[in-house]
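K.L.:
Encoded as structure tokens, here's the structure I'll be asking about.
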Amino acid sequence: MHHVLRSTQYAIRHMHIIETIADFRRVRPQFGSLGLVPTMGYLHAGHLSLVQRAKAECGAAAVSIFVNPTQFAPHEDFNRYPRDMERDLGLLREIGTDLVFTPPMSEIYPPGFSTYVEVEGVTDTLEGAARPGHFRGVATVVCKLFTITQPTRAYFGQKDAQQCVVVKKMVRDLNLPLDVIICPTVREPDGLAMSSRNAYLTPEQRRAAPVLHRALSAAQQRYESGERNGDTLRATMQTVLHAEALAETQYVSAADPLTLRELDSVGTGGVLFSMAVRIGNTRLIDNLLIEGE
Ligand code: PAF
């Protein structure tokens, strides 16, 4: 009886849920190689695929859950950003996550906090232009999470393409000792990129939302049939978006994947097609990367 009980306990692995930096630092040495997945919670299949890859490649996976106020402008959705810690912990436990870091606000931003990370250049365009200060908040919290958790590798989704460029540049510029791994966007069967913000959509808006992926696919098709003119490729996406009455385009872009500058013409460096679109009160982003030769 005793034996059965013990082997059952062994099968259900222990998941450390840690709230303080001091506790994380105490537990960290138990793990050698560690893959970190930084998140703001309300997890979906996209996040879980990052955790699974972290676990497979590093042997142990840590997930941080922290809705970071410094990456939201005052008029944005920080307060209503969806949160469900119990559900998140259940999902993470099921897939064998080793460590979950769920710091309270005061742990990350104690009174008197005044140091920020600014990644220049690649933050001027696209989301950086539409959401001033956003990437300063992202870079700051991600840098802190890296120093706190000391991962071997950190995993990010291609869905936030500019965030991936910014984090990679920060890691290179500040010589942070880890590898940044970018994983493919996970999509719903109708093409909508998984995002915690999809929860805001009404059923009618949800039906309209795959238009982003259709617009990106249209640009990809034009590219594959030989089109290289940046304006034509941007217009292709715009035309598809215009046809959806509920979609209000904020920007469409055909940019250099490294500098994120708009391209007059696509050359050997490839192209990042991206867009931000409002559907009702919800702002959705999506992108498709055509890698360089
Ligand atoms: O992609 C996100 O969820 C956030 O921007 C991140 C990387 C967790 C930083 O708060």
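K.L.:
Just checking, how many residues over region 146-173 are touching a helix residue (DSSP H, G or I) at 6+ places or on another chain (Cβ under 9 Å), of a type outside the set (Lys, Arg) and touching a residue at least 40 places away in the same chain (Cβ under 8 Å)?
P.N.:
16
K.L.:
Checking the conditions here, which among Gly59, Gly112 is loosely packed, with under 13 Cβ neighbours inside 10 Å and farther than 24 Å from Ala199 by Cα?
P.N.:
Only one candidate qualifies: Gly112.
K.L.:
Enumerate the pairs (first residue in region 63-80 and assigned to a helix (DSSP H, G or I); second residue anywhere and among the aliphatic types (A, V, I, L, M)) with beta-carbon separation below 6 Å, excluding pairs fewer than 6 apart on the same chain, so at least 6 apart or on different chains.
P.N.:
Gln71/Val138
K.L.:
How many of the residues in region 149-171 are away from the ligand (no atom under 11 Å from the Cβ) and either part of a loop (DSSP other than H, G, I, E, B) or surrounded by fewer than 22 Cβ atoms within 10 Å (Cβ to Cβ) (or both)?
P.N.:
Count: 8.
K.L.:
So, in region 173-225, how many residues would count as being within 17 Å of Leu48 (Cβ to Cβ) and of a type in the set (S, T, N, Q)?
P.N.:
Residues that pass the stated criteria total 4.
K.L.:
Filtering region 24-83 down to residues that are among the basic types (Lys, Arg) and over 23 Å from Lys159 (Cβ atoms), which residue is farthest from the ligand (Cβ to nearest atom)?
P.N.:
So, considering only residues that are among the basic types (Lys, Arg) and over 23 Å from Lys159 (Cβ atoms), the one farthest from the ligand (Cβ to nearest atom) is Arg26.
K.L.:
Take region 86-109 and flag every residue that is touching a residue at least 24 places away in the same chain (Cβ under 8 Å) and surrounded by fewer than 12 Cβ atoms within 10 Å (Cβ to Cβ).
P.N.:
Pro104, Met105 - these are the residues of region 86-109 that are touching a residue at least 24 places away in the same chain (Cβ under 8 Å) and surrounded by fewer than 12 Cβ atoms within 10 Å (Cβ to Cβ).
K.L.:
To continue, here is another question. Examine region 178-198 for a residue that is farther than 25 Å from Ala245 by Cα and touching a Pro at 6+ places or on another chain (Cβ under 7 Å), and state whether such a residue exists.
P.N.:
Taking every residue of region 178-198 in turn, at least one turns out to be farther than 25 Å from Ala245 by Cα and touching a Pro at 6+ places or on another chain (Cβ under 7 Å).
K.L.:
Residues of region 132-145 being in contact (Cβ under 8 Å) with a residue 60 or more places away in the chain and either away from the ligand (no atom under 11 Å from the Cβ) or of a type in the set (Lys, Arg) (or both), which ones?
P.N.:
Correct list: Gly133, Arg136.
Just so you know, all these numbers are worked out from the coordinates, no wet-lab data involved. Because the structure is predicted, anything quoted here is derived from the model rather than measured. FYI the Cβ positions are ideal-geometry reconstructions off the backbone, even for glycines, and counts take in every protein chain you see.
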